[in-house]
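The numbers here are math on the coordinates, done by the rules we state, and not lab data. Bear in mind that the values here come from a model prediction, so they are computed numbers and not experimental data. Cβ: placed from backbone, ideal geometry, glycine included. Neighbour counts: every protein chain shown.
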Amino acid sequence: MNRQKIEASFPSLRSHGYSITSQATIEYNCIAWAAGDTGSCWWPDPMNLGYWPPSIPRKETLEAFVKAYELLGYDICKEASHEEGFEKIAIYVDSNGKPTHAARQLSSGRWTSKLGKLEDIEHTTLDGLYGPTYGSVAVCMKRPK
C-alpha cells in the first residue's frame, strides 16, 4: 500500500501525521501487533482460522477482545494519554460496536498500528484512524511495563 491508498482509507492521517514503519506482511495483523505478536494473525473467527486465546469465546465482540487483552495483563483505563511506566492499547469498533482494529502506544506517546495485513504505521493520535474503515476507539487498556 502506498501513501495515497493509506490516506484514501484514513484521510485524517494527513492532518494528524503518520509514517510508514514496515513493509507489508501477512505474518500478523493489527490485533496481534497490539498484543506484541508478530508471528500470527489474531481473530476470533468461528472456523478457527486465526489465532485466538483458547479460554476466550470466539466472538467478534468488544467483550471478547477486552478479555483477550486482559490475559496479557491489560486492564481497562479511562484515558489514552501517555503514562510513564505503562503500556497502552486502544480497541476500535465500527458503528455497530464490532471490533475492527487495535493500536499500541509507543514509549514516545505516539501510536503504532498494523493496517490489516499491510504496512505498520506510526501515528500521532488515535483520531487519525477514525472513520468508516475502523470506526472509533471504544476502549483503552493499560498494563505496567
Lysine pair number, Cα distance threshold 24 Å (strictly under), segment 7-145, separation 8 or more or different chains
28
Roughly how many debye, to the nearest 20, is the charge dipole of segment 65-145 about its Cα centre, given +1 on each Lys and Arg Cβ, -1 on each Asp and Glu Cβ, and no other charges?
200 debye
By per-residue mean of other Cβ atoms within 10 Å, what is the highest-first order of 14-24, 123-133?
123-133, 14-24
If packing is taken as the average number of other Cβ atoms within 10 Å across a peptide's residues, how do 139-145, 80-86 rank, most packed first?
139-145, 80-86
Give the Kirkwood hydrodynamic radius (Å, one decimal) of segment 78-145, defined as one over the mean of 1/r across all pairs of different Cα atoms.
12.1 Å
Before rounding to the nearest 500, sum -39500 (n - 2.57) across all DSSP H runs of length at least 4 in the chain and divide by the residue total; then give [θ] at 222 nm in deg cm²/dmol.
-4500 deg cm²/dmol
Report the extension gain between Arg14 and Lys78 in nm, rounded to one decimal, defined as 0.36 nm multiplied by the number of residues separating them, less their alpha carbon distance.
20.4 nm
If you consider only alpha-carbon coordinates, what radius of gyration and Dmax does segment 1-95 have, in Å?
15.1, 41
